[in-house]
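Novice: Sharing a structure here in structure tokens format.
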Amino acid sequence: MSMVSEAVRWQDQKLSLLDQRLLPHKQAYSAIETLDDAIENIKRLSVRGAPAIGIAAAYALCVSARQYAGEADFDRRLDIDFERLIAARPTAVNLRWAATKVREAAINANPGDALAKMIEEAETIHADDRAACRRIGEAGLSVLAELTPRADGALGLITHCNAGALAVSELGTATAPMYLAHAEGQKLHVYADETRPLLQGARLTAWELDQAGIPVTLLCDNAAASLLASGEVQAAIVGTDRVAANGDVANKIGTFPLAMACQHFGIPFFVACPSSTFDGHSATGADIPIEHRSAEEVIGSVGASVDVYNPAFDITPATMVTAFLTDRGVLRPPFADSLNLLRE
Ligand code: MRU
């Protein structure tokens, strides 16, 4: 099972976030005392990964609301906090989902109870997320059982970015089937795309799987198609920041080319996520806002003064997804129908 520190820590009603920018070299937590602290840490990816951002945001609203609990302008200030918080990262729908649930808990409470109800809701979101990861892992185990391992007995799996324990809680999403299969004694070999430009695959996924004793090989993103051509990989499992109603998937930039390569070689492409990542308000991937980040992240030490194209996410068409591994089981095509049933 995962051996890494938890991304979001809520202890004695205090919020702290593992600064993932420092990993794997240093494990340090930042105390979150204001909404500005939270927004800054979300924007600079100290906390990242759609579900972890949602959990952090849920607690951050509570931390901020504590400063004006019981005051006459509570609702107005909570609305302002809410709008500022959900603008911090636009693609991960879990951010809006979790913040909305915490705000609604306040709206539905007696004024004197609002803060307590918000905290209760944030803690529920956190606890539910842990349980969801385990169920995603169990859904993943059932699809892995259908695959034929390589001649060496190992199942080769490729993943992109980090949809692991650091992006969620405990088992992660894409990594949950890996942790459970490994615990059951299934021989695995995971290939982790390094994930340019911020190297979440190299710094986080490869590190967390290695810590758990799961054999892992790191590769440059542009080596993925050659790896698939070699026959060493039986399936891809990735996470997602938002799934549209038709099954189009937003995930870390580079996911779409991986899915295209999988389709070319007939390799199953699985997307693992909790129900909170399905967004019925986005009809297709074209409706999902894609975050663009600074030129500095790409050009960094090179320092050339040219324009930079740096979208943080891309859209993988639903037609390239074999199945969704969710906390409510395995969802197969046609996704417009299976996702509709899930929402109902
Ligand atoms: O920019 P990041 O590091 O927040 O991007 C994270 C991803 O793309 C993950 O794959 C996604 O959020 C799913 S995490 C379970």
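Novice: Checking the structure you have, find out if any residue of segment 9-16 is under 30 Å from Asp210 (Cβ atoms) and under 16 Å from the mean Cα position of the chain (by Cα).
Specialist: no
Novice: Step by step: first the residues of segment 193-209, then only those that are buried (at least 19 other Cβ atoms within 10 Å of the Cβ), within 12 Å of the ligand (Cβ to nearest atom) and among the hydrophobic types (A, V, I, L, M, F, W, C), then the one that is nearest to the chain's Cα centre (by Cα). Which residue is that?
Specialist: For segment 193-209, the residue satisfying everything is Leu204.
Novice: Report, by residue number, each residue of segment 276-297 that is more than 12 Å from the ligand (Cβ to nearest atom), within 18 Å of Asn246 (Cβ to Cβ) and of a type outside the set (D, E, K, R).
Specialist: Hits for segment 276-297 are Phe278, Gly280, His281, Ser282, Ala283, Thr284, Gly285, Ala286, Ile288, Pro289.
Novice: Mind listing whichever residues of segment 161-181 are more than 7 Å from the ligand (Cβ to nearest atom) and in a loop (DSSP other than H, G, I, E, B)?
Specialist: Within segment 161-181, Gly164, Ala165, Leu166, Ser169, Glu170, Leu171, Thr175 qualify.
Novice: Checking Ala58 against (1) open to solvent by 10 Å² or more (accessible area, probe 1.4 Å); (2) closer than 20 Å to Arg130 by Cβ; (3) modelled with pLDDT of 95 or more, which single condition isn't satisfied?
Specialist: For Ala58, the failing item is (1).
Conditions tested, residue by residue: (1) more than 16 Å from the ligand (Cβ to nearest atom); (2) open to solvent by 80 Å² or more (accessible area, probe 1.4 Å).
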residue: Gly49; (1), (2): no, no
residue: Leu78; (1), (2): yes, no
residue: Glu83; (1), (2): yes, yes
residue: Ile86; (1), (2): no, no
residue: Leu95; (1), (2): no, no
residue: Asn108; (1), (2): yes, yes
residue: Ala114; (1), (2): yes, no
residue: Glu120; (1), (2): yes, yes
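Novice: Outside any helix (DSSP H, G or I), away from the ligand (no atom under 16 Å from the Cβ), in the same structural domain as Thr173 (by TED's automatic domain parsing) and surrounded by 14 or more Cβ atoms within 10 Å (Cβ to Cβ) - does that describe any residue in segment 304-313?
Specialist: yes
Novice: I would also like to ask the following. Looking at segment 18-38 only, could you name the residues that are touching a strand residue (DSSP E or B) at 6+ places or on another chain (Cβ under 6 Å) and open to solvent by 60 Å² or more (accessible area, probe 1.4 Å)?
Specialist: Within segment 18-38, Tyr29, Ala31 qualify.
Novice: Continuing with this model, one more query. Considering only segment 248-258, state which residues are crowded, with 22+ Cβ neighbours inside 10 Å and away from the ligand (no atom under 13 Å from the Cβ).
Specialist: Asp248
Novice: Here's another thing I want to ask about it. Which of (1) assigned to a helix (DSSP H, G or I); (2) in contact with a helix residue (DSSP H, G or I) (Cβ under 8 Å, 6 or more places away or on another chain); (3) not hydrophobic (A, V, I, L, M, F, W, C) is the odd one out, the single condition Thr124 does not satisfy?
Specialist: (2)
Novice: Let me ask another. If we keep just the residues of segment 20-47 that are closer than 21 Å to Asp210 by Cα and in a helix (DSSP H, G or I), which is farthest from the ligand (Cβ to nearest atom)?
Specialist: Ranking the qualifying residues of segment 20-47, first place goes to Leu22.
Novice: Let me ask another. List the number of the failed condition for Ala245; all other conditions in (1) more than 15 Å from the ligand (Cβ to nearest atom); (2) touching an Asp or Glu at 6+ places or on another chain (Cβ under 9 Å); (3) in contact (Cβ under 8 Å) with a residue 60 or more places away in the chain; (4) not in a loop (DSSP other than H, G, I, E, B) hold.
Specialist: Ala245 satisfies all of (1) more than 15 Å from the ligand (Cβ to nearest atom); (2) touching an Asp or Glu at 6+ places or on another chain (Cβ under 9 Å); (3) in contact (Cβ under 8 Å) with a residue 60 or more places away in the chain; (4) not in a loop (DSSP other than H, G, I, E, B) except (4).
The values are calculated or read from the model by the stated rules, or taken from the named source; none is laboratory data. Source: prediction; values computed, not measured. Every residue, glycine as well, gets a Cβ built from its backbone with ideal geometry; the counts of neighbours run over all protein chains shown. Side chains included, ligands, DNA and RNA excluded: accessible areas come from the protein's heavy atoms. Shrake-Rupley method; radii C 1.70, N 1.55, O 1.52, S 1.80 Å.
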